[in-house]
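Participant: Below is one structure. I have some questions about it.
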Amino acid sequence: MPYPFQLGFQDATSPIMEELLHFHDHTLMIVFLISSLVLYIISLMLTTKLTHTSTMDAQEVETIWTILPAIILVLIALPSLRILYMMDEINNPSLTVKTMGHQWYWTYEYTDYEDLNFDSYMVPTQELKPGELRLLEVDNRVVLPMEMTIRMLISSEDVLHSWAVPSLGLKTDAIPGRLNQTTLMGTRPGLYYGQCSEICGSNHSFMPIVLELVPLTYFEKWSATML
């Protein structure tokens, strides 16, 4: 969960999110250096006399400010493409969960089990128990085993939705008539919250997502009680 006045991302819980955080820091440092250089040049132009204006016509300067931005773009593009391919790769998932978006709740179906499916509604404020989070708690959490590759199949039955869990680096659109897929693998147990990230209607902000990542033995016990 984020905390008040937090400026950065939530703590990473999956290898993909760790890579995204590293790429963010890498790109932010490049932006910081470029901004500092531009600010330095602007301050020089405002505080010094332009006694060497002929330098602006030099071939060397033209070469530098053409090649240097190209190199910077390559340094940003290569790790970005690497992460995009990693996010799109699905290698032998151990479990598949189908997620359907509705106005305004989610339906989950564990396709590897015969009759394991349920709806997930937001808990109204007046029904919250002590310690539960307003607008984020649901009546049925998605229980998943940790340290296992899980495939999420995401679609919608009415309008556009978006299934997003920031700490896992997940954000996949739920589109009517289209089945999108993504993978997740949690590295530690806990509760992870998300929300629909698409403006899907008047109750758009009232269809949260709660993932409960547990060890495999606990997941097996939970699935046995749900069947």
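The values are calculated or read from the model by the stated rules, or taken from the named source; none is laboratory data. Since we're looking at a predicted model, the values are computed, not measured. Here the Cβ positions follow ideal geometry from the backbone for every residue, glycine too, while neighbour counts run over all protein chains shown. Accessible surface areas use protein heavy atoms only, side chains included; no ligands, DNA or RNA. Shrake-Rupley method; radii C 1.70, N 1.55, O 1.52, S 1.80 Å.
Participant: Which of the numbered conditions does Glu147 fail, given that it passes all the others? Conditions: (1) surrounded by fewer than 14 Cβ atoms within 10 Å (Cβ to Cβ); (2) without any contact (Cβ under 8 Å) to a residue 40 or more places away in the chain; (3) in contact with a Gly (Cβ under 9 Å, 6 or more places away or on another chain).
Facilitator: Failing condition for Glu147: (2).
Participant: Looking at (1) under 21 Å from Ser156 (Cα atoms); (2) over 21 Å from the mean Cα position of the chain (by Cα); (3) free of Cβ contacts under 8 Å to residues at least 12 places away in the same chain, which is the one condition that is false for Asp88?
Facilitator: (2)
Participant: Only one of Ile67, Ile72, Ile83 is more than 30 Å from Ser205 (Cβ to Cβ) and open to solvent by less than 60 Å² (accessible area, probe 1.4 Å); which?
Facilitator: Testing whether each residue is more than 30 Å from Ser205 (Cβ to Cβ) and open to solvent by less than 60 Å² (accessible area, probe 1.4 Å) leaves just Ile72.
Participant: Quick one: would you say Phe206 is at pLDDT 90 or above, out of contact with any Pro (no Cβ under 7 Å at 6 or more places or on another chain), open to solvent by less than 30 Å² (accessible area, probe 1.4 Å) and aromatic (Phe, Trp, Tyr)?
Facilitator: In short, no.
Participant: A further question on this structure: If I ask for residues that are of a type outside the set (A, V, I, L, M, F, W, C) and open to solvent by less than 60 Å² (accessible area, probe 1.4 Å), which ones from the range 209-225 would you list?
Facilitator: Glu212, Pro215, Ser223
Participant: So, one more: Select from the range 92-123 the residues that are open to solvent by 50 Å² or more (accessible area, probe 1.4 Å) and not hydroxyl-bearing (Ser, Thr, Tyr) and list them in ascending order.
Facilitator: Listed by number, the residues that qualify are Asn92, Lys98, Gln103, Trp104, Glu109, Asp112, Glu114, Asp115, Asn117, Asp119.
Participant: Checking the structure you have, find out if any residue of the range 194-214 is in contact with a His (Cβ under 9 Å, 6 or more places away or on another chain) and closer than 17 Å to Phe118 by Cβ.
Facilitator: yes
Participant: Could you figure out which of (1) in a loop (DSSP other than H, G, I, E, B); (2) touching a residue at least 12 places away in the same chain (Cβ under 8 Å) isn't true of Ala164?
Facilitator: Only one criterion is unmet by Ala164, namely (1).
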